[in-house]
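For reference, the structure discussed in these notes is given below.
The values are calculated or read from the model by the stated rules, or taken from the named source; none is laboratory data. Everything numeric in this text was worked out from a predicted model, so none of it was measured. Don't worry about glycine lacking a Cβ; one is built from the backbone with ideal geometry, like all the others, and counts go over all protein chains shown.
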Amino acid sequence: MTFTLEELANLTASSIQGDKDCLLKGVASLSNAGSGDVSFVGNTKYKKQLDSCEASAVILSASLAKSYAGNALVNDDPYLTFAKTVKIFHSVKTDIALAKIHPSASIAKSANIETGVSISANVVIDENVTLKAGVNIGAGSYIGENTLIESNVLLYPNVTIYSDTKIGEGTIIHSGAVIGADGFGFAPQKDKSWYKILQVGNVVIGSDVEIGASTTIDRAALGSTIIENGVKIDNQIQIGHNTKIGEHTAIAAGTLIAGSTKIGKYCQIAGAVAIAGHLNIVDNVIITGKSMVIKSIDKAGVYSSGIAADDNKKWRRNAIRFSQLDEMAKTIKHLETELINIKDNKL
Amino acid sequence: MTFTLEELANLTASSIQGDKDCLLKGVASLSNAGSGDVSFVGNTKYKKQLDSCEASAVILSASLAKSYAGNALVNDDPYLTFAKTVKIFHSVKTDIALAKIHPSASIAKSANIETGVSISANVVIDENVTLKAGVNIGAGSYIGENTLIESNVLLYPNVTIYSDTKIGEGTIIHSGAVIGADGFGFAPQKDKSWYKILQVGNVVIGSDVEIGASTTIDRAALGSTIIENGVKIDNQIQIGHNTKIGEHTAIAAGTLIAGSTKIGKYCQIAGAVAIAGHLNIVDNVIITGKSMVIKSIDKAGVYSSGIAADDNKKWRRNAIRFSQLDEMAKTIKHLETELINIKDNKL
Amino acid sequence: MTFTLEELANLTASSIQGDKDCLLKGVASLSNAGSGDVSFVGNTKYKKQLDSCEASAVILSASLAKSYAGNALVNDDPYLTFAKTVKIFHSVKTDIALAKIHPSASIAKSANIETGVSISANVVIDENVTLKAGVNIGAGSYIGENTLIESNVLLYPNVTIYSDTKIGEGTIIHSGAVIGADGFGFAPQKDKSWYKILQVGNVVIGSDVEIGASTTIDRAALGSTIIENGVKIDNQIQIGHNTKIGEHTAIAAGTLIAGSTKIGKYCQIAGAVAIAGHLNIVDNVIITGKSMVIKSIDKAGVYSSGIAADDNKKWRRNAIRFSQLDEMAKTIKHLETELINIKDNKL
């Protein structure tokens, strides 16, 4: 599909710089863009690349547009405008009338499948599942009994949904994700073996959530593990039982959240973070990558831990010193006292 | 199903406080419990919530029961009693007579399937697999050739078991788990490319083990990777080739154990821990969350590393200082010497 | 299959010590080897075990062979020779003539399947997929549309390949891996909700790559995520969108690489490492386990961070001191100044 610069400007509420009739047929990055492509600069540090860019038009802020001679879509928020432009070129309207149920799918008789549901090959739908209109289940996925999936949910292939899960409208779940497996709950016994605590709760996921590949969200021991509307969860993430993630919080890959922790709305949690169980984190908290969170956070702000990689030999010397930190601190204290004594007595 | 308080007391070897005929129909957390629910307090810090709890009965220690006016199941170990009570309400007896093999399952002719085995839709069972009575294989799971699965093992949907695996009685494996994939073994060649070391060992899992969703346990290069009886392994865990995990050790989510490491019995390893390869960790070791273990541990005890997240600006200042630690230590040493000199010469 | 020591020497370009007619029927580790086994010592620290080894022959360096009385295959590179020997005993020649397509596989009519392709039970192959000769697809795997898989690629069961992926010759992908899921790209909106950036790029994987179980490699936002020839990627790894991994780089389990990072050739990245996005890491970089990499690395070498686990009480004291490091450094500075003052005035 092809658009003029003017058409894109109208569709994205942007203004035009240059040739409004310039024809655009796709989106490409600054370094790869060629004739017919629209590209974007979201960050002034890429300004240099802009000069050598071969795109037919570029999405820019007003200030960057001033120093650019070519065609531009000018917008306060170039990054969001870029996102909208990609969608304009690549969106495929789902035609519910074309929805199909593959003959190899195994669907329990008690399942309630609305019209306009697509079910791919080898999908297994267990007893009393409800799939609303526009739901699309990828090949090989499994939906456990009593699960309710609201309209327009998209499950990519090989997703596993355990029983009793609820998934809100328009949510997307990627391959390998496992929703509703047992939380890690065991009571110690006198002989030091473990007694399994049956996990009889469920997982409740809101609308417009996205869950990445190989992410696992455990069912509650009692009650529900809750993922609120608009939450974005990347790949390889683990969310423990009875956890609650507030609306529009985003969590990057490899982060682990232990059981019963409550995370507020609009938080941004980077990758490789580990958050202990039974904590409370308020709204609008940002946690940087690889942090270790072991106490509650009761004030919005940016929180961090972790130490950056360094030359191995230098690191080794410093890491050994870490194990002497308490002694070092005590020595400093002692030196301070000594110095005061010297000054008191002698100066 | 409904029980009287007296019936529950008998089933859990607890004593009764209050109305022995009180009818109970389910288990709920302190904050969600209502009429007909039994709840529990395992920790005195939840004592306050107890006062406002609407449960019909609460599982309590003797000391907490004294200060509680309502019905109670009194037991030395309220947490274990709670676990048993959940099981009383929720256990479903597996009726082997009802076991079914779904017609869409692909089962090799050489497989030995005992009576009373359940095999769900789209399961694939390869050559010479043995499944003992009461085994239950979830939809879409794959069992590689020569695998032996003992009685009453439960595999949730979409589990992958590579060839030659052995799984002991009553073990539970959650969706997305991959047992027996190749260990990461490559010999460097002169041209700096890697020569694959065929991984010709297997994985041997004991009885009453639980393995979480998306956990991976690699087959041995030679010999066996061994998970002993009663081990509990959470989600998203990686266990390298030729590793051995001792009986009743529990490992929380996201922990990585590199190859050839031996871990003792009754250990508790928290989440997000990384344990290097070729180490030996004795029995009864506790490792706290996000620790980095790079040498063997030869004494039972609690081990930790990691630094807690802090205000970002404060962290940044301290993290920079980390890279100066060795210098700081040397300066302290120098100051000490100087001070001694001053004192020796002058005081 | 059985080989004489002489045959193995010829096949591995090694020299012989002892009985060239010694019959060998398998490979075993030093501690498990018995009569008929060939074993190896790659590291002089295992020299002691060599004395009590019951193997019929051992793969050794010339220097170790001198002090060993038994039969030996002598080679400059015992580890690589061991790898080759395992392959000699265990390699199974793939007989393309025996390739089979299981009747339960769902294969789109537009797919282009060359002769000699094996497709197991319940595999789903979408529109316009090309599978070249010798490709072997494990049970339950899904191959998205327009994907091109070159000859002799092996996919273990339950692998998921999204659309438009390219996979080079001889590459191996383990179970649970997800290739080509959406990168984590969302533009913030004024109401603090997230606008999904459609991920319209793909993943391009070279030849002789190995990808571990449950590893996820995201498709590019625009353009391609690239894994070059000979790269070895362990289990539970996350590789973000638009990342590029250079030839023959090896990455151990649980490592996370954020989007748009470029990693050079011949790098060795240990497990549990987190690498931030938009970085550039040159060739021949080694990063040790659990490191946090937050800036580009422009010089070959060994890089590290992380602090080793210690006794919990000792760790707690030191970790608290970490939060005082900047103050400690300032105090040291102050003490230095004071001391200079004292010396200047008084000595």
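For the range C:1-27, give me each residue that is assigned to a loop (DSSP other than H, G, I, E, B) and within 9 Å of C:Leu73 (Cβ to Cβ). C:Ser14 - this is the single residue of the range C:1-27 that is assigned to a loop (DSSP other than H, G, I, E, B) and within 9 Å of C:Leu73 (Cβ to Cβ).
Screening A:Ile179 on (1) touching a residue at least 12 places away in the same chain (Cβ under 8 Å); (2) surrounded by fewer than 24 Cβ atoms within 10 Å (Cβ to Cβ); (3) away from chain C (no Cβ under 14 Å) shows it passes everything except condition (2). Of the candidates C:Asp298, C:Asp310, the single residue that is more than 7 Å from every other protein chain (Cβ to nearest Cβ), over 18 Å from B:Ser323 (Cα atoms) and in contact with a strand residue (DSSP E or B) (Cβ under 8 Å, 6 or more places away or on another chain) is C:Asp298. Residues of the range B:321-335 that are touching a helix residue (DSSP H, G or I) at 6+ places or on another chain (Cβ under 8 Å) and either within 10 Å of chain C (Cβ to nearest Cβ) or of a type in the set (Phe, Trp, Tyr) (or both): B:Arg321, B:Phe322, B:Ser323, B:Gln324, B:Leu325, B:Met328, B:Ala329, B:Thr331, B:Ile332, B:Leu335.
Restricting attention to the range A:251-296, the residues being buried (at least 21 other Cβ atoms within 10 Å of the Cβ), in contact (Cβ under 8 Å) with a residue 24 or more places away in the chain and not aliphatic (A, V, I, L, M) number 3.
This table checks each residue for (1) of a type in the set (Asp, Glu); (2) at negative phi.
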| residue | (1), (2) |
| --- | --- |
| A:Ala276 | no, yes |
| A:Asp283 | yes, yes |
| A:Ile286 | no, yes |
| A:Lys295 | no, yes |
| A:Gly301 | no, no |
| A:Lys313 | no, yes |
| A:Glu327 | yes, yes |
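Look at B:Gly240 and say whether it is surrounded by fewer than 24 Cβ atoms within 10 Å (Cβ to Cβ) and in the same structural domain as B:Glu210 (by TED's automatic domain parsing). No. Of the set (1) of a type in the set (D, E, K, R); (2) within 25 Å of C:Gln236 (Cα to Cα); (3) in contact with a Cys (Cβ under 9 Å, 6 or more places away or on another chain), all apply to A:Asp283 but (2). Close Cβ contacts (under 6 Å, 6 or more residues apart or on different chains) running from residues in the range C:134-160 that are farther than 18 Å from B:Ala105 by Cα and assigned by TED's automatic domain parsing to the domain that holds C:Val204 to residues that are basic (Lys, Arg) and at pLDDT 95 or above comprise C:Leu148/C:Lys166; C:Glu150/C:Lys132; C:Ser151/C:Lys132. Among the conditions (1) facing chain C (nearest Cβ under 10 Å); (2) in contact with a strand residue (DSSP E or B) (Cβ under 7 Å, 6 or more places away or on another chain), A:Ile340 misses just one, which is (2).
Can B:Val200 be described as surrounded by fewer than 24 Cβ atoms within 10 Å (Cβ to Cβ) and either touching a residue at least 24 places away in the same chain (Cβ under 8 Å) or not hydroxyl-bearing (Ser, Thr, Tyr) (or both)? Yes, satisfied.
Among the conditions (1) farther than 18 Å from A:Gly185 by Cβ; (2) surrounded by fewer than 18 Cβ atoms within 10 Å (Cβ to Cβ), B:Ser61 misses just one, which is (2).
Examine the range B:119-126 for a residue that is under 27 Å from the mean Cα position of the chain (by Cα), over 20 Å from C:Thr160 (Cα atoms) and within 14 Å of another protein chain (Cβ to nearest Cβ), and state whether such a residue exists. The answer is yes, given that some residue of the range B:119-126 is under 27 Å from the mean Cα position of the chain (by Cα), over 20 Å from C:Thr160 (Cα atoms) and within 14 Å of another protein chain (Cβ to nearest Cβ).
Among the conditions (1) surrounded by fewer than 21 Cβ atoms within 10 Å (Cβ to Cβ); (2) under 29 Å from B:Ser305 (Cα atoms), the only one that B:Lys192 does not satisfy is (2).
Which residues, taken from the range B:77-131, are of a type in the set (D, E, K, R) and either in contact with a His (Cβ under 7 Å, 6 or more places away or on another chain) or touching a residue at least 60 places away in the same chain (Cβ under 8 Å) (or both)? Result: B:Lys84, single match.
Selection over the range B:245-277 of residues that are facing another protein chain (nearest Cβ under 7 Å) and under 15 Å from C:Ala270 (Cβ atoms) gives a count of 4. Does B:Leu73 meet the test of being touching a Phe, Trp or Tyr at 6+ places or on another chain (Cβ under 6 Å) and modelled with pLDDT of 95 or more? Here the answer is no, as B:Leu73 does not meet what is asked.
Of the residues making up the range A:66-104, those that are surrounded by fewer than 21 Cβ atoms within 10 Å (Cβ to Cβ), aliphatic (A, V, I, L, M) and more than 24 Å from the chain's Cα centre (by Cα) are A:Ala69, A:Ile96, A:Ala97, A:Leu98, A:Ala99, A:Ile101. Quick check on the range B:220-228. Is at least one of its residues in the same structural domain as B:Asn152 (by TED's automatic domain parsing), surrounded by 24 or more Cβ atoms within 10 Å (Cβ to Cβ), at pLDDT 95 or above and among the small types (Gly, Ala, Ser)? Yes: the range B:220-228 contains one or more residues that are in the same structural domain as B:Asn152 (by TED's automatic domain parsing), surrounded by 24 or more Cβ atoms within 10 Å (Cβ to Cβ), at pLDDT 95 or above and among the small types (Gly, Ala, Ser).
Looking at (1) within 30 Å of B:Ala139 (Cβ to Cβ); (2) surrounded by fewer than 22 Cβ atoms within 10 Å (Cβ to Cβ), which one does C:Ala13 not meet, given that it meets all the others? Every listed condition holds for C:Ala13 apart from (1). Does A:Leu347 satisfy the criteria of being touching a helix residue (DSSP H, G or I) at 6+ places or on another chain (Cβ under 6 Å) and modelled with pLDDT under 95? In short, no. Checking the structure you have, find out if any residue of the range C:141-154 is over 26 Å from the mean Cα position of the chain (by Cα) and on the phi < 0 side of the Ramachandran plot. Yes, because at least one residue in the range C:141-154 is over 26 Å from the mean Cα position of the chain (by Cα) and on the phi < 0 side of the Ramachandran plot.
One line per residue, one yes/no per condition, for (1) in the same structural domain as A:Cys267 (by TED's automatic domain parsing); (2) within 21 Å of B:Arg317 (Cβ to Cβ); (3) small (Gly, Ala, Ser); (4) not in a helix (DSSP H, G or I):
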| position | (1), (2), (3), (4) |
| --- | --- |
| A:Lys299 | yes, yes, no, yes |
| A:Ala319 | no, yes, yes, no |
| A:Asp326 | no, yes, no, no |
| A:Ile332 | no, yes, no, no |
| A:Leu339 | no, no, no, no |
| A:Ile342 | no, no, no, no |
